[in-house]
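Just dropping this structure here.
Bear in mind that the values in this text are calculations on the coordinates, not laboratory data. Note that the coordinates shown come from a computational prediction; the quantities given were computed from them, not determined experimentally. A quick note on method: Cβ atoms are made from the backbone with ideal geometry, for glycine too, and the neighbour counts reach across all protein chains shown.
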Amino acid sequence: MPTIRRLPETLINRIAAGEVVERPAAALKELVENAIDAGARQVAVRLGGGGLDLIEVTDDGCGMDRDEMALALERHATSKLPDEAIERVTTLGFRGEALPSIASVARLTVESRPGAQGEGWQRVVDHGASVAEGPAALPPGTRIRVEDLFGRIPARRKFLRSARSEYAACLDVVRRLAMARPEVGFTLEHDGRRALAVQGGEGLARRVAQLVARELADDGVAIETERGLATGGSARLTGVAGLPTFNRGVADHQYLFVNGRPVKDRLLIGAVRGAYADMLARDRHAVLALFLEVPPEEVDVNVHPAKTEVRFRDPAFVRGFIVSGLRHALDGASRRSAQPAAASAMAQWQVEPVSAPPPPAVGSLFAPRPIPPAARLGEAGVVWRQHEAAVLAPDGLLPTGRAEAAAAGAEPVPDYPLGVARGQVAQTYIVAEAADGLVIVDQHAAHERLVLERLRAAGAGERVAASQALLIPEVVELDEPACDRLETCSAGLAGFGLALERFGPDAMLVRAVPAPLAGGDIQALVRDIADDIARHGAALLLGERLDLVLATMACHGSVRAGRALSVAEMNALLREMERTPRSGQCNHGRPTWVKLAHGDIEKLFGRS
């Protein structure tokens, strides 16, 4: 039988370092958190070799005297827990393991000076062994230098990534902590190059835009909401959320904070996904920074050694609070689109001089022909007809848009936000004239959003859900698990106008469909809904699963690209877009309309 023995202190510290100091970014996180907890107003970070060769953090906090410094290098010694009430901790760090763990796997130099003392003190610990101490000259505050991380532990060092990758992780750590503390200034240098610099005292929105994406200043919405808790106190949610049309292909631009602590929590990530569920494609991700504040006793921050995960006393409340807060903020800017005409798109317009075509041959199709009076500019009632277009277009190619008749002495364009329809291009895009520019609308994307909002409003009880009963019920054959899932959600689907019944072990009977979906492919609709429910599974509440299913139903019931619309239909679509929430983007996060301002049009012709 093996003998039980006590582990030596050096080995204990190395084991602890494996939990706390996973990589240079983890060590940097602990040091910067200590600086913030010390009351620093300015934090300067220097890195060398991605943090593998050097990590240096300098702050202007309260500092430590000689005795406190010696105690800080012992395990489980901290100034951040004045009593044993760990559930009410308000500081970023509290375990008291960071400095001794780092010192056991690197060369650590600590220099500090309290503001009331005339000189500072330093101690040097080399891979767990104290090698030097003495006076140090530095301004009030603390400077900690970590060199040769894992230099004597090749088994650990070989598992680290390249210096470039480790630097990227360090930059992300500083960015997150700087976002959480807009009142503190931060600088970051890597191999002598300034990589980040923000001034203290900035507002939250400005700090987030600086660190996440500058476009958030124009393409984001501010979030500020509060809700009372059943146990007393209240929860508060603030931050900046990007419009659905301002999205990324990966989720690395989502920054989540709980009581000022950067976290990567599944519950919060799921809540964000749920809030954007019907506004983003499944492979796109929102850009945002959310700050959740709850009473300390409502969250457990002691569930992970690196403090990157938390646990809530009432997770259902937190999820619902975040989803509703995000959606309410996005609804306030629901008609905005984050993708105006891009510079790259504008560059596609041909603005250089075009050489004149060669003289037409006698009798050729290109020979000049008389233009009918009705097609001359300057006359009222200009109407493009097929035979007139053939006269003006070579090879019989018809223009892809059409202009409608305008009465003589017509009034100026009404001041509608999306303007008045003037034509349709490629039977897909509506061209409208607004008071301040030219608006182009994707008819399928826009109508898809309108249908979804009608279905959602009907299900929410704002009006009775209109459904179309089928003269002959449709039988849709599916596998048994898919039928089970549909049967479970059938009551909720009935509220949106889709009446389903079980028809044997592997089939569903469709008796009615939502009115906007009448005439569609019922078989494809039911199969897509079954797939959606299977994809989201039990991870979401029934209401959220149904909300995601509505997006599929809306796609089946929307106006397709390639359908010619009359001017009345186009204008009706524009007016409904102006009244409908979230009409600035389709159900997949793409913009439903873009605008060319008058200034943009003038630039195309060199008039400005």
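When all C-alpha to C-alpha distances in the stretch 196-320 are sorted into bins of 10 Å, what percent of pairs does each bin hold, rounded to whole numbers?
The percentages, shortest bin first, are 12, 42, 35, 11, 0.
Short version: ³J(HN,Hα) in whole Hz for each residue of the stretch 227-238, in order, from phi by Karplus 6.51 cos²θ - 1.76 cosθ + 1.60 (θ = phi - 60°), x for Gly and Pro, what are they?
Couplings: 8, x, 9, 5, 8, x, x, 8, 10, 10, 10, 10 Hz.
A further question follows. In whole Hz, with x marking every Gly and Pro, tabulate ³J(HN,Hα) for the stretch 499-506 from phi via Karplus 6.51 cos²θ - 1.76 cosθ + 1.60, θ = phi - 60°.
Residue by residue, the stretch 499-506 yields 9, 10, 9, 6, 10, x, x, 10 Hz.
What spacing in nm lies between the two simple spin-label points modelled at Leu229 and Asp331, each 7 Å away from Cα in the Cβ direction?
2.6
Okay, moving on. Figure the gain on full extension for Gln42 and Ala469 (residue separation times 0.36 nm, minus the Cα-Cα span) and round it to one decimal in nm.
Contour length minus Cα-Cα distance gives 147.0 nm.
What is the calculated FRET efficiency for Arg75 to Arg206, with r their C-beta to C-beta distance and R₀ = 60 Å, to the nearest 0.05? Could the numbers behind the result be given before it?
Numbers: r = 40 Å, r/R0 = 0.67.
Once rounded, the FRET efficiency stands at 0.90.
Here's something else I'd like to know. Residue separation times 0.36 nm, minus the C-alpha to C-alpha distance between Thr3 and Ser490: what's the value?
169.1 nm
Now, a different point. In percent, how large is the relative contact order of the stretch 9-198, given Cα pairs closer than 8 Å and 6 or more residues apart?
Reported as a whole number, the value is 28 percent.
Please sort by residue number the GluC sites (Glu not before Pro) in the stretch 171-212 whose DSSP state is loop and whose Cβ has at most 14 other Cβ atoms within 10 Å. The partial results should precede the final answer.
Numbers: sites: Glu183, Glu189, Glu202; in loops: Glu183, Glu202.
For GluC sites (Glu not before Pro) across the stretch 171-212 that sit outside H, G, I, E and B with at most 14 neighbouring Cβ atoms in 10 Å, the list reads Glu183.
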